[in-house]
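Notes follow once the structure below has been shown.
No lab work stands behind these numbers, since they all come straight from the coordinates. The model shown is predicted, which means the values in this text are computed figures rather than measured ones. Cβ coordinates were reconstructed from backbone atoms using ideal geometry, including for glycine residues, and neighbour counts include every protein chain displayed.
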């Protein structure tokens with residue numbers, strides 16, 4: 001099985017790349033940090049969409065929720081949030097390094113926990129919905145959140161929040177004498193958030209890798225394959241679904257908290273709850289790499305991010321049209337994704353044993369009529385379920 | 001079996017009195033909606049002021065009701081198209097709103113080069129019919145028998161292509177196609193409200209279009225084929241109906257209906273490349289609430305949504321209008337869930 005043989009070298013390569021990247025490509029630190037966030041997006045979407053079969057179009061909700069929770073936590077201990085976010089900008093603010101890092105730490109922790117709480121609450125509502133209703137319901141949740149936050153003046157409304165500025169490197173803080181040497185504040189911010197994003201992506205990956213190998217992972221797959229049967233066998237599906245969503249929310253909340261601070265400015269529709277950009281990227285990346293696999297989302301996210309960064313600026317405004325076409329083409333012609341396609345072509349690489357006996361029988365049965373009948377039956381069942 | 005309960009009631013529509021009477025859940029939900037509204041009103045002083053305005057200048061209510069009904073009729077028209085595609089092909093068409101906006105931009109383009117928007121109506125219908133056919137051949141045909149998320153995501157991709165394409169061609173400004181019909185100010189009991197003739201005209205056109213579609217579905221050969229396919233695609237195929245053609249026609253018909261709705265919207269309201277998603281959500285709200293093949297339900301839900309939106313836009317502020325639509329979506333989905341739970345309990 002090739003998976004076992006290449007696993008270690010791949011881990012070593014990725015770890016080495018992650019560690020040396022900010023030194024070797026100092027000009028691309030922010031882009032590579034975004035790559036780690038994209039990988040977190042794809043991995044957490046796949047926990048739901050790939051492993052559990054619940055295709056959410058609104059997971060971006062937790063990204064935005066985390067971002068806002070973190071921002072409020074960073075401001076609230078030191079200033080009045082309402083005054084701070086006042087668009088007239090009368091409040092003159094500055095944060096000492098201690099205040100900044102204390103606020104950031106608090107913000108990240110509460111963003112993660114707050115997202116989990118939100119997932120548990122909204123899980124009660126959305127997990128009664130099945131299939132496309134779930135996708136539309138979660139999409140509605142994310143859009144509604146963006147609209148409502150936009151009308152909430154306490155957190156800046158549609159004008160958004162300008163986040164605290166990263167402390168400048170001249171302060172005699174021990175952190176700045178760590179491995180970075182004498183960097184300017186902007187570079188320092190880039191490197192700092194690079195590391196936090198890298199650690200987040202690694203933790204997410206390792207946690208999910210462990211999770212998919214436990215009983216819990218099997219339960220998720222059982223829900224995906226046949227929820228009614230799983231429930232009949234005694235799987236507490238509602239509990240598992242909510243916990244799985246909470247896991248997605250936990251990591252997405254942290255990624256939102258970090259992303260807000262990387263950008264330095266947030267507003268509800270384009271940055272915090274971007275349903276048609278990041279919200280759909282995460283679905284596309286997971287599908288492109290191969291949903292329902294551990295490595296698929298990582299490969300899909302990497303490929304997508306590289307293509308995006310290389311071609312985006314050369315497309316002169318047509319990039320969103322290209323994005324839409326990419327979604328259509330991926331969904332229509334290449335839904336199994338890269339890893340899924342490899343599994344089909346080279347099952348032995350993945351240690352999958354193909355039973356030639358059944359395969360032969362299936363070939364016999366593959367007359368046009370049988371296919372037609374099967375398709376009709378499937379269509380009827382799907383139709384009944386939808387109604 | 002003594003404990004067996006009577007069979008589950010047949011699927012009923014939105015606001016069906018028989019259903020409301022028989023269900024405690026329905027009233028619970030209505031109570032919930034009322035509570036949400038009350039809370040929203042209480043937390044907002046602005047909203048209270050606006051409510052006072054509605055009481056004192058009661059003519060404003062007529063304005064809101066009329067505007068809501070006129071715009072709601074057009075929502076119902078687009079939703080009927082969605083119900084058709086959903087019911088016949090089982091495709092959840094997420095680019096519904098983009099077709100509406102495309103129709104609107106056709107009218108706007110013609111208006112821009114000096115042609116009256118009324119002429120835009122047939123042009124949009126024909127153009128969007130052809131466009132729908134092309135989309136069917138290129139994409140929808142390939143996803144129609146795949147799982148439901150596939151068609152949902154594929155149409156979402158189409159929606160992104162269309163909205164961004166329109167944005168590149170026409171720019172992100174809000175546009176409208178003026179018909180030049182007069183606007184009258186009606187004075188009534190010491191107050192006044194405005195009455196635009198174009199809104200009434202659009203309302204009548206909308207009704208005529210809906211009637212034409214209904215007659216087409218009942219009387220024409222293709223309409224019968226569509227209904228046969230909706231009932232049982234396999235049996236229809238056995239009877240010699242070319243279901244692929246039926247699907248293509250249904251999808252194109254939906255696009256044409258949306259295009260017509262878009263022309264009407266462009267005449268009485270505003271269009272913008274990114275307003276499509278809200279129209280899609282409106283159609284989903286209406287169809288989910290009414291169910292398929294339930295024309296009175298679609299009309300009631302459409303008009304109701306139009307009025308509700310106008311009122312929330314006035315009372316809570318224009319910021320909340322889109323949030324209202326999405327909130328309605330969530331409520332309708334919760335409602336559906338309650339019905340399903342009830343159904344499940346009865347079956348058990």
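See the values below:
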quantity: C-alpha center-to-center spacing [the stretch A:133-159, the stretch B:234-292] in angstrom; calculated: 26
quantity: Sorted peptide list for A:22-31, A:236-245, A:6-15, criterion being average Cβ within 10 angstrom, highest first; calculated: A:236-245, A:22-31, A:6-15
quantity: Partner chain coverage, peptide A:327-339 - average Cβ within 10 angstrom; calculated: 5
quantity: Simple label model, 7 Å out from Cα along Cβ direction - residue A:270 to residue B:173, nm; calculated: 1.9
quantity: Rg to Rh, two decimals, where the stretch B:63-333 supplies the alpha carbon set and Rh follows Kirkwood; calculated: 0.97
quantity: Residues B:221, A:224, B:178, sorted so that the one with the fewest Cβ neighbours within 10 Å comes first; calculated: B:221, B:178, A:224
quantity: Burial order of peptide ranges B:241-248, A:293-300 (average beta-carbon count within 10 Å, highest first); calculated: A:293-300, B:241-248
quantity: Per-pair calculated FRET efficiency, R0 = 30 Å: residue B:204 and residue B:245 via Cβ, rounded to 0.05; calculated: 0.40
quantity: Shielding by partners - mean other protein chain Cβ count within 10 Å, residues of B:142-149; calculated: 6
quantity: Separation of alpha-carbon centers, the stretch A:1-42 and the stretch B:172-230, rounded to whole Å; calculated: 57
quantity: Range of Cα positions in the stretch A:2-316 per principal axis (Å), largest first; calculated: 61, 48, 41
quantity: Residue-averaged beta-carbon neighbours from other chains (10 angstrom radius) around A:137-145; calculated: 6
quantity: Contour minus Cα-Cα distance for residue A:117 and residue A:341 (0.36 nm per residue); calculated: 76.9 nm
quantity: Residue A:303-residue A:11 FRET efficiency (beta carbon distance; Förster radius 25 Å; 0.05 resolution); calculated: 0.85
quantity: Residue A:109-residue A:210 FRET efficiency (beta carbon distance; Förster radius 30 Å; 0.05 resolution); calculated: 0.90
quantity: Residue B:224 versus residue A:316: modelled label distance in nm, points set 7 Å from Cα along the beta carbon direction; calculated: 5.5
quantity: Cα centroid of the stretch B:63-77 to Cα centroid of the stretch A:262-280, whole Å; calculated: 33
quantity: Ranked packing of B:163-171, B:326-334, most packed first, by mean Cβ within 10 Å; calculated: B:326-334, B:163-171
quantity: Computed label-point distance, nm, for sites residue B:234 and residue A:349 using a 7 Å Cα→Cβ extension; calculated: 3.8
